[in-house]
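Okay, so here's the structure we're looking at.
The values are calculated or read from the model by the stated rules, or taken from the named source; none is laboratory data. Because the structure is predicted, anything quoted here is derived from the model rather than measured. Neighbour counts run over all protein chains shown; Cβ positions are idealised from the backbone, glycine included.
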Amino acid sequence: VNRDIQISLHRAVEQLPHPSFQQVADCPVEPMEDHDWITQQNAQAKSKTWKWGMTWRTLAAACACFAFMFFGSFQLFSQNYMIDSTIDFDVNPSIEVTTNKKDMVLKVRGLNEEGRAVLEGHNFEGKSLEEATRELFGAMVDSSYLHAAQNTVLLSVISKDEAHAKRLESDLNLWVKQALSQSNGEARLVGQTILPSGDVSRQAESLGISRGKLILIESMMQQIPGLTLEAMIPLSIEELLDLAKNEGADLSGKFTLDDDDDDSSIPDDPGDDDDGGIPDDPGDDDDSSIPDDPGDDDDGGIPDDLDDDDLSKTKDIVFMGRSNLLHVSV
Amino acid sequence: MLFVAVVGNTPKNYRTQIKLDESLFVRIGQNDKDALEELYHKTERALYAYVLSLVRSTHDTYDLVQETYLKIRASAQLYRPQGKPMAWIFTIAKNLSISHLRRQAELAGGAEADFENNLEYSYVSDPTDRMVLAATLNKLSGEEREIILLHLVAGLRHREIAEDLDIPLSTALSRYHRGLKKLRKHLMEQEVIL
């Protein structure tokens, strides 16, 4: 029906009188100098331009708004909810802490039975890493997983950002020590930073140990023949490091040991606060009244007339001589 | 009355898009007759349908279409290309039509023209075609007439009509369907179509 109406209407209009081209072309006209209200373009043209302008402006504004919201949301999400770093604490309990970009704890989980036992009754999510670390090590002392005979902690920071990982490692070192000193405990800290790797994660997950411990074990296996994963997994970090020390394995390429390692078997000089039993230098302003012990063999042969700068270096040297675990260059 | 479709005389060039080069106006402003002829052949049908929808008189449409082309010739050199040449032509035609209708209303002293019994439809030979044209011009609103005639007679696409008349596409579509429905209903009541 519509088509019939169209055909009929079209045919009717075609039969109406139309002006011919000749009539239009032959009629004389006077060229106008300006538009009059009949021919003026402004109203419609401006309106159109304005509309197009508005359309593009609106579209651009909408896109900008969308992009802002998208990136803002993404930024908010990445800052708060995306995993930025993972920290593995290994004593014998193995505990994994994941944090966001702001170093706030997203999740804490025990990787072995002991780890899960330590976490019982604690909720770390949403706390700062510092707060969680202090609480966690307080709990390990309370549950006797850290004590005088077993005080070695492997601290592994896994992050894509190596600089951030190094800073975290340093901060954690401090927080752990402070937490333990509050509980009258001490610890020997072995640290490492690791770049995230899917293979390592999968293997560690399947073995039920932390990535940090797996890397430590693999490093030892490369240097000590005859070791097997099965035999080493149940060992605590203390036991692993003792084994490495006894077998002469050099782990210095991958691991760092804090420089104020305190070996209780070495008697401290009464005036010495933090040098691991290093005899005071006569030039040390802090405690010049305390005489040096020139005959002390524990100082690894350090001359007694070193100044303060040299003293800081001597700590490393002494540590190297004592533990035989790590080779720290001066 | 039975609606009889005359096969073999279907509208040609239906749904042909009017692609006007705006430089035509520059050439027309320089008295280029070929440019004027090209403009005339490309736009006459649409212009005629548009003016007819406004004034509903074939005689007036004839005069106003001619006057529109003369106005274009006189002002073509003043045209500023803005991407809508057909809209400018429609603007001139509409302004001329408004002016004409005002004058006519003043002359008639407020009395409305009798479009129902317009003898001008006698140009149309087929009685059915005549009735369809009369119904289109007399039973539809001005807005509906514009769209129906521009789409069904001039073959403009709805989008073109919307752009040229500066109305949203959805408005053009709804006016078209509303007008066509009204027209169909009237023609069925009059038994022009079954």
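Filter region A:207-249 for residues that are of a type in the set (Lys, Arg) and farther than 12 Å from A:Asn92 by Cβ; which is surrounded by the fewest Cβ atoms within 10 Å (Cβ to Cβ)?
A:Lys245
Of all residues in region B:91-111, which are more than 9 Å from chain A (Cβ to nearest Cβ) and closer than 19 Å to A:Ala25 by Cα?
Matches in region B:91-111: B:Ala93 only.
Might you check whether a residue that is outside any helix (DSSP H, G or I) and over 22 Å from A:Leu257 (Cβ atoms) occurs anywhere in region A:128-136?
Within region A:128-136, one or more residues are outside any helix (DSSP H, G or I) and over 22 Å from A:Leu257 (Cβ atoms).
For the structure I just gave you, tell me whether A:Asn100 is closer than 17 Å to A:His164 by Cβ and of a type outside the set (Val, Ile, Thr).
When the stated conditions are applied, A:Asn100 passes them.
Suppose the filter is under 17 Å from the mean Cα position of the chain (by Cα) and touching a residue at least 60 places away in the same chain (Cβ under 8 Å); does A:Ser156 pass it?
So A:Ser156 fits the description; yes.
Just the residues that are of a type in the set (S, T, N, Q) and buried (at least 22 other Cβ atoms within 10 Å of the Cβ), please, taken from region A:87-117.
A:Ser94, A:Thr99
Being assigned to a helix (DSSP H, G or I) and within 10 Å of another protein chain (Cβ to nearest Cβ) is the filter here, so list the residues in region B:138-160 that pass it.
Within region B:138-160, B:Ile148, B:Leu149, B:His151, B:Leu152, B:Val153 meet the criteria.
Could you tell me which residue of region A:176-206 is surrounded by the most Cβ atoms within 10 Å (Cβ to Cβ), considering only residues that are in contact with a strand residue (DSSP E or B) (Cβ under 7 Å, 6 or more places away or on another chain) and over 19 Å from A:Asn92 (Cα atoms)?
A:Thr193
Go through the residues of region A:90-103 one by one and say whether even a single one is assigned to a helix (DSSP H, G or I) and out of contact with any His (no Cβ under 8 Å at 6 or more places or on another chain).
No, region A:90-103 has no match at all.
Give me the residue from region B:161-190 that is among the charged types (D, E, K, R) and surrounded by 21 or more Cβ atoms within 10 Å (Cβ to Cβ) and, out of that set, nearest to the other protein chains (Cβ to nearest Cβ).
Ranking the qualifying residues of region B:161-190, first place goes to B:Asp164.
Filter region B:138-159 down to residues that are touching a residue at least 40 places away in the same chain (Cβ under 8 Å) and surrounded by fewer than 21 Cβ atoms within 10 Å (Cβ to Cβ) and give me whichever is farthest from the chain's Cα centre (by Cα).
Out of the qualifying residues, it is B:Lys139.
Per-residue answers, yes or no, for (1) modelled with pLDDT of 90 or more; (2) in contact with an Asp or Glu (Cβ under 8 Å, 6 or more places away or on another chain); (3) of a type in the set (Lys, Arg):
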residue: A:Gln6; (1), (2), (3): no, no, no
residue: A:Arg11; (1), (2), (3): yes, yes, yes
residue: A:Glu14; (1), (2), (3): yes, no, no
residue: A:His18; (1), (2), (3): yes, yes, no
residue: A:Gln22; (1), (2), (3): yes, no, no
residue: A:Val29; (1), (2), (3): no, no, no
residue: A:His35; (1), (2), (3): no, no, no
residue: A:Gln41; (1), (2), (3): no, no, no
residue: A:Lys46; (1), (2), (3): no, no, yes
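Restricting to region A:119-175, count the residues that are surrounded by fewer than 19 Cβ atoms within 10 Å (Cβ to Cβ) and among the small types (Gly, Ala, Ser).
Total satisfying the criteria: 10.
Count, please, the residues in region A:1-33 that happen to be over 19 Å from B:His186 (Cβ atoms) and more than 7 Å from every other protein chain (Cβ to nearest Cβ).
Selection size over region A:1-33: 6.
Checking A:Gln222 against (1) under 26 Å from the mean Cα position of the chain (by Cα); (2) modelled with pLDDT of 85 or more; (3) of a type outside the set (Ser, Thr, Tyr); (4) not in a loop (DSSP other than H, G, I, E, B), which test does it fail?
Only one criterion is unmet by A:Gln222, namely (1).
Any residue in region A:93-109 that's farther than 24 Å from A:Tyr145 by Cβ: show its pairings with residues that are of a type in the set (Ser, Thr, Tyr) at Cβ separation under 8 Å, as long as the two are six or more apart or on different chains.
Note: pairs meeting the criteria are A:Asn100/A:Tyr81; A:Lys101/A:Ser78; A:Asp103/A:Ser85; A:Asp103/A:Ser128; A:Met104/A:Ser128.
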